[in-house]
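The values are calculated or read from the model by the stated rules, or taken from the named source; none is laboratory data. Everything numeric in this text was worked out from a predicted model, so none of it was measured. All Cβ positions, glycine included, derive from the backbone under ideal geometry; neighbour counts span all protein chains shown.
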Amino acid sequence: MQLADLQAAFAGALRGEPDQALLHAIAPAPAGVPAPDRLAIYRRTSLHSQRSALTAVYPVVQALIGEALFAALVHDHLTQPGSRSGDLHRLGGDFAHTLLQEPACAGLPYLAEVARLEWALHDNFFAADRTALALVDAAQLDASAQLRVGLALHPSVRLLAGQFPVHAIWQAHQPDPAAAIDTGRLAATDLQAGPIWLSVHRRAEGHCIAVLTAAQHALLTDAQAGLPLAVSLERIEAAGWLAPDLAECLPRWLGGQLLQGFALY
């Protein structure tokens with residue numbers, strides 16, 4: 001076998017049964033251990049590492065469904081064809097989809113949204129510390145340039161929209177009652193409180209989860225897409241929403257490190 005074919009076949013064997021071409025390409029072991037048994041050692045080690053990685057990412061999901069079901073779903077997720085990331089930090093980004101397809105999770109309709117929140121908290125940990133955009137002083141620009149001004153969000157910002165108050169569900173499962181969350185620790189969770197819009201970003205002192213209005217969420221989503229502020233406000237007005245109070249939002253977002261400044265688009 002060519003090296004590339006050998007590597008591809010070996011990677012496939014870590015997720016399922018090895019093909020015959022790979023078995024023939026493996027040199028006999030001095031101790032006479034069959035090739036399938038030797039490959040199984042690698043497969044078990046690989047799956048154990050990946051299971052450990054997903055368990056670290058989704059502790060609240062595991063708490064909600066129990067260790068046994070969680071372990072079974074993680075195994076199914078890791079052995080299905082779409083799970084191909086070789087980077088443990090990137091593994092499991094689509095785990096929420098696996099939860100949606102699982103009949104045993106049907107009684108927890110908010111479970112996939114909790115998973116998306118946990119992934120956002122994991123994913124933003126590995127984001128850059130600063131935006132790559134060139135920041136500008138909007139006050140120094142002429143009128144035509146100001147129409148091109150947009151918000152420059154921190155690279156770790158992740159925006160979520162859903163039907164359930166997953167921030168409260170997540171908070172209720174944190175071991176530290178003083179864990180930072182903008183809405184405070186809730187004693188009871190109203191599952192009918194949705195829809196909900198959230199931002200998640202990383203600060204020096206840790207993660208920050210903030211509850212947004214629909215218009216604020218739309219504004220920040222447009223900012224991530226590189227749309228100027230003026231265009232975004234027009235879109236919000238066309239949607240029939242009350243425009244965000246920029247005099248209140250922008251200083252708070254700047255002070256909270258969600259927003260790094262302004263850029264020209």
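A few comments on the model shown:
- Inspection of segment 28-47 finds no residue satisfying the criterion of being within 30 Å of G107 (Cβ to Cβ), modelled with pLDDT of 85 or more and in a helix (DSSP H, G or I).
- In segment 88-136, residue surrounded by the most Cβ atoms within 10 Å (Cβ to Cβ) [restricted to those that are in contact with a Gly (Cβ under 7 Å, 6 or more places away or on another chain) and farther than 16 Å from L54 by Cβ]: E113
- Residue list for segment 140-155, restricted to those being of a type in the set (A, V, I, L, M) and crowded, with 17+ Cβ neighbours inside 10 Å: V149, L151, A152, L153
- Answer residue from segment 156-172, given it is of a type outside the set (V, I, T) and part of a loop (DSSP other than H, G, I, E, B) and is surrounded by the fewest Cβ atoms within 10 Å (Cβ to Cβ) among those: Q163
- Checking A230 against (1) modelled with pLDDT under 95; (2) surrounded by 16 or more Cβ atoms within 10 Å (Cβ to Cβ); (3) touching a strand residue (DSSP E or B) at 6+ places or on another chain (Cβ under 9 Å); (4) more than 25 Å from W119 (Cβ to Cβ), the condition it does not meet: (2)
- Residue within segment 240-257 that is out of contact with any strand residue (DSSP E or B) (no Cβ under 9 Å at 6 or more places or on another chain), of a type in the set (A, V, I, L, M) and not in a helix (DSSP H, G or I) present: yes
- Qualifying positions in segment 60-69 - closer than 18 Å to P175 by Cβ and not small (G, A, S): V60, V61, Q62, L64, E67
- Residue match in segment 48-57 (condition: more than 17 Å from the chain's Cα centre (by Cα), in a loop (DSSP other than H, G, I, E, B) and farther than 29 Å from P195 by Cβ): no
- Residue under evaluation T183, criteria (1) at pLDDT 95 or above; (2) surrounded by fewer than 18 Cβ atoms within 10 Å (Cβ to Cβ); (3) of a type in the set (S, T, Y), criterion not met: (1)
- Residue that is farthest from A193 (Cα to Cα) [pool: residues in segment 203-221 that are assigned to a helix (DSSP H, G or I) and free of Cβ contacts under 8 Å to residues at least 60 places away in the same chain]: A218
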